[in-house]
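Structure record follows, encoded as structure tokens.
The values are calculated or read from the model by the stated rules, or taken from the named source; none is laboratory data. Quick caveat: nothing in here was measured; it's all calculated off a predicted structure. Using ideal geometry, Cβ is built from the backbone for each residue, glycine included, and neighbour counts are taken over all protein chains shown. Accessible surface areas use protein heavy atoms only, side chains included; no ligands, DNA or RNA. Shrake-Rupley method; radii C 1.70, N 1.55, O 1.52, S 1.80 Å.
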Amino acid sequence: MMRILQIAPAFFEFQPGGTELCARSLHRSLLKQPGVESQLLACVPFWHAKPGAGSDFLTPTSGDAETGIAIRAFDHFHLSQLDDLGVLRSFREFLESYRPDRIHFHHLLYLGVEGIAVARQTCPKAEILLTLHDYYAICANDGLMTKKQDGALCYAAQPHACLQCLPEASLEDFALREQGVRAALDLVDRLIAPSDFLRERFIAWGVPAERIVHQPNALPEGWEGMAALPPRDRRPGEPTVFGFFANIMPHKGLDVLLEAALLLKAQGVESFGITVHGSDKHTPGAYKARIAALAERLGASVSLRGGYAHEELRGLLAGIDAVVVPSVWWENDPLIVRQAAAVGRPILYADLGGLAEAGQQSGGMAFAACDSTSLAERMQGFIRSPVHPAQQKAEPALAAIDGQRQWPEKRPI
């Protein structure tokens, strides 16, 4: 019996992001595999739920073999968990009890670089994987690789430039951060990059090419083999509906989409609508005000629907004609692109980084990133001549992620 441990930065129920969904989906897929025993260990920061008295472990979900570990504090800058007498001791005890053959980290958040060291020390024969779902290891600005002042793209982490985003830090701080992260990555047997673009960024940062493999995200649980949606049933003259699916944050580019819509209206194009599905719970105040102002100018042409449950996504996709993904950061392998393609919904995507890679693979239509004029032209073309692409096959299957046989051999201990 092979024992596999998936480690997520949070429970999807508390933090419904792609990283959390990937970890949970892999775990639940492995539960169905013969000869495999799986556990999901998800971090539970104190703002998600308080730990019980006398224990660092929680069971906040009804999922099988899903355990939470309480996180009371964390150094986000250094990606460091220093609570050796609390969190790390409890993590060590969990590993000693479960004794996994493979430990699959899905982020450095909350257990931190020390968590990988504890895993290596406690389970020296176990294979340790780390999926790089974003650029956190490289970039201290929430892993976005964009400049904090104006959102401009970064192409590399350079301490003198990083100081412009985080002036409260010092050059020594950045050096120590990089040293700690690199030391942790050296303890990992395989680094997994969901996109070729992200893989190239980490190679440029100094990770040896042979240590990082490209493995696209699989579709999450419940989406494998899902039937394609028919084209939306529209009455003659009914507007084309474009859908946006993401949290309302500056790097997701909703403002680019709304500005493109205003350009269309200025050209006399009225036969469209935009539905925005995404939470603004963490939206910066200035950006929230900007979106509100753009939405007011668009009037009935835009509908801000708020957040949605993952289980609702297929139904929401059925109510639109095309998905627009206007992100203004590099992205990695966004699940919404894979999910839209899986049910045959057309995708308009910004030609940028990992998003461009996923969009091209999914048969989408590219527009120039950060360019509302380019997006408006693409939207107008779609309004005139809508397309309904063939359903895309999900590759790879969930079971293949942790059963991959084409990776290089495990490094000797």
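For the chain, averaging the sequence separation of C-alpha pairs within contact (under 8 Å, six or more residues apart) and dividing by the residue count gives a relative contact order of 14 percent. At q = 0.19, 0.23 Å⁻¹, what is the base-10 log of I(q)/I(0) for the stretch 1-73 according to the Debye formula with one equal point scatterer per Cα and no solvent? Please give it to two decimals. Result of the Debye calculation: -0.72, -0.97. Candidates Leu58, Val181, Cys370 compared by Cα position along the dipole of the chain: farthest toward the positive end lies Cys370, with charges placed on Cβ. Based on every Cα atom in the chain, Rg and the maximum pairwise Cα distance Dmax equal 21.8, 67 Å.
Per-residue surface analysis assigns Asp371 an accessible area of about 60 Å², computed on protein heavy atoms at 1.4 Å probe radius. When the stretch 158-245 is described by a simple charge dipole with +1 on each Lys and Arg Cβ and -1 on each Asp and Glu Cβ, the residue from Phe197, Phe242, Gly225 located farthest towards its positive end is Phe242. Candidates Leu144, Val323, Ala293 compared by Cα position along the dipole of the chain: farthest toward the positive end lies Val323, with charges placed on Cβ. As a test of the formula, what do you get for the chain when each DSSP H run with n ≥ 4 contributes -39,500 (n - 2.57) and the sum is divided by the residue count, at 222 nm and rounded to the nearest 500 deg cm²/dmol? Dividing the helical sum by the residues of the chain leaves -10000 deg cm²/dmol. Pairs over the 29 Å Cα-Cα cut-off, from the set Lys265/Lys288; Lys50/Lys125; Lys50/Lys147; Lys50/Lys148; Lys50/Lys281; Lys147/Lys288: Lys50/Lys125; Lys50/Lys147; Lys50/Lys148. Taking the average, over residues, of other Cβ atoms within 10 Å as the packing measure, peptides 286-293, 319-326, 117-124 rank 319-326, 117-124, 286-293 from highest down. Residues in the chain average 43 Å² of solvent-accessible surface per residue, probe 1.4 Å, ligands and nucleic acids excluded. Of interest is the spacing of the C-alpha centroids, which for the stretch 267-331 and the stretch 37-110 amounts to 34 Å. Going 7 Å from the Cα of His388 in the Cα-to-Cβ direction, what parts of the stretch 221-256 have a backbone nitrogen less than 20 Å from that spot? The answer is 225-244, whose backbone nitrogens lie closer than 20 Å to the label point. 3J(HN,Hα) couplings calculated from phi for the stretch 224-240 with the Karplus curve 6.51 cos²θ - 1.76 cosθ + 1.60 (θ = phi - 60°) are, in sequence order, 5, x, 5, 5, 5, 7, x, x, 4, 6, 10, 6, x, x, 6, x, 6 Hz; Gly and Pro show x.
Among the trypsin sites (Lys or Arg not before Pro) within the stretch 208-255, those in coil by DSSP and having at most 16 neighbouring Cβ atoms inside 10 Å are Arg234. To put it simply, the accessible area of the stretch 240-392 at a 1.4 Å probe is 50 percent carbon and sulfur.
Taking the Kirkwood radius as Rh and the Cα radius of gyration as Rg, the stretch 47-139 has a ratio of Rg/Rh equal to 0.95.
Classify the stretch 204-295 as rounded, prolate or oblate from the Cα gyration tensor: take a ≥ b ≥ c as the square roots of its eigenvalues, call it rounded if a/c is under 1.5, otherwise prolate when a/b beats b/c and oblate if not. Oblate.
For Gly273, the residues whose amide H sits under 5 Å from its own are Thr240, Val241, Phe242, ignoring neighbours fewer than 5 places away on the same chain, with H placed 1.01 Å from N.
When only the Cβ of Lys, Arg, Asp and Glu is charged (+1, +1, -1, -1), the dipole of the chain relative to its Cα centre reaches about 540 debye.
Between Ala156 and Val241, the modelled label-to-label distance comes to 4.8 nm, taking each label 7 Å out from Cα in the direction of the beta carbon. You can think of it this way: the chain between Arg234 and Gln267 has 9.5 nm of extra reach, that is 0.36 nm per residue less the Cα-Cα gap. Computed from the C-beta positions of Leu166 and Ser97 and an R0 of 51 Å, the FRET efficiency is 0.85 to the nearest 0.05.
Helix 254-266 and the longest principal axis of the Cα set of the chain meet at an angle near 10°. In the stretch 5-107, which chymotrypsin sites (Phe, Trp or Tyr not before Pro) are in a loop and have at most 12 other Cβ atoms within 10 Å, using DSSP for the loop call? When the chymotrypsin sites (Phe, Trp or Tyr not before Pro) of the stretch 5-107 are filtered for loop state and at most 12 Cβ neighbours within 10 Å, Phe46, Trp47 remain.
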